[in-house]
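Let me begin by presenting the structure, written as structure tokens, before commenting on it.
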Amino acid sequence: MDFPAAPHHSPGALPHGPRQNGATPPCLLLSCGSSVSFSCPVPNVSVWANHSGPTLLSTVVDEAPPTVLVGVSGQRGLFTEPIVRSRASTTPQPIILPLSNPTNHAEALPDDLLVCTNGTALIATGSPFDDVAHNGVTHHISQANNVYVFPGLGLGTLASGATMITDSMLLAAARAVADQSPCDQHNPDAGILPPTRGPPHREPTHRRSGCPSRRCRRCRRSARRH
């Protein structure tokens, strides 16, 4: 799959994220028929970008190696075997998220990803997939869905009396989900995301509602001071 490469620098910085020399690592955004965008400057991009036509996704991945691949393109098989293997060669546990749905639009299939990464990939998909057995280990394939954030975000918004949803509230909710990841409990085979069914479901929802609510109250107090 080809992508036109016309770098654009936009002010994207996520607080508390990993940093190198005080800077937030770049986030590369690629889309069919438009430009490649970066959340912060990427070194030497003018050298490897194709300025007269589309730049291969594989070129972008090789020249600006990511640790996370997020697919929302609707392009089946976009994450090819060479691309996935190259990520596994430089990243101990690459995070690969083929989020397009339905299933026949997924950028990659979980069983192929586990084969290409020798079982090290952390995977979440947009469509539901069965668990995958690889080298005697059963990997739970999490389905990334707005059910993880929206109910708690709505509850927190109502409880705090917020009149709008801010970026900081969304980040707080996302971090609340991340804090409950089985991977964070040193169990990567259990999947990236916490369960959505059964007894554990209600408690995570309340945790996620509390984080945006607290963030909203802090923002309101700050606004009154100014």
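The values are calculated or read from the model by the stated rules, or taken from the named source; none is laboratory data. Note that the structure is a prediction, hence the values are computed from the model and not measured. Don't worry about glycine lacking a Cβ; one is built from the backbone with ideal geometry, like all the others, and counts go over all protein chains shown.
Miscellaneous remarks
- Taken over the stretch 133-152, the criterion of being within 19 Å of the chain's Cα centre (by Cα) and either at pLDDT 85 or above or assigned to a loop (DSSP other than H, G, I, E, B) (or both) is satisfied by His139, His140, Ile141, Ser142, Gln143, Ala144, Asn145, Val149.
- Among residues of the stretch 45-75, those that are closer than 19 Å to Asn104 by Cβ and either at pLDDT below 85 or assigned to a loop (DSSP other than H, G, I, E, B) (or both), counted: 4
- Residue that is surrounded by the fewest Cβ atoms within 10 Å (Cβ to Cβ), among those in the stretch 108-136 that are in contact with a Ser or Thr (Cβ under 6 Å, 6 or more places away or on another chain) and in contact (Cβ under 8 Å) with a residue 24 or more places away in the chain: Ser127
- Test: residue in the stretch 76-86 that is buried (at least 16 other Cβ atoms within 10 Å of the Cβ) and at pLDDT below 90: no
- Listed conditions (1) of a type outside the set (A, V, I, L, M, F, W, C); (2) crowded, with 18+ Cβ neighbours inside 10 Å; (3) part of a loop (DSSP other than H, G, I, E, B); (4) at pLDDT below 90 are all met by Asn101, apart from (2).
- For the stretch 140-172, filtered to residues that are within 18 Å of Ala106 (Cα to Cα) and not polar (S, T, N, Q), the residue that is surrounded by the most Cβ atoms within 10 Å (Cβ to Cβ) is Ile141.
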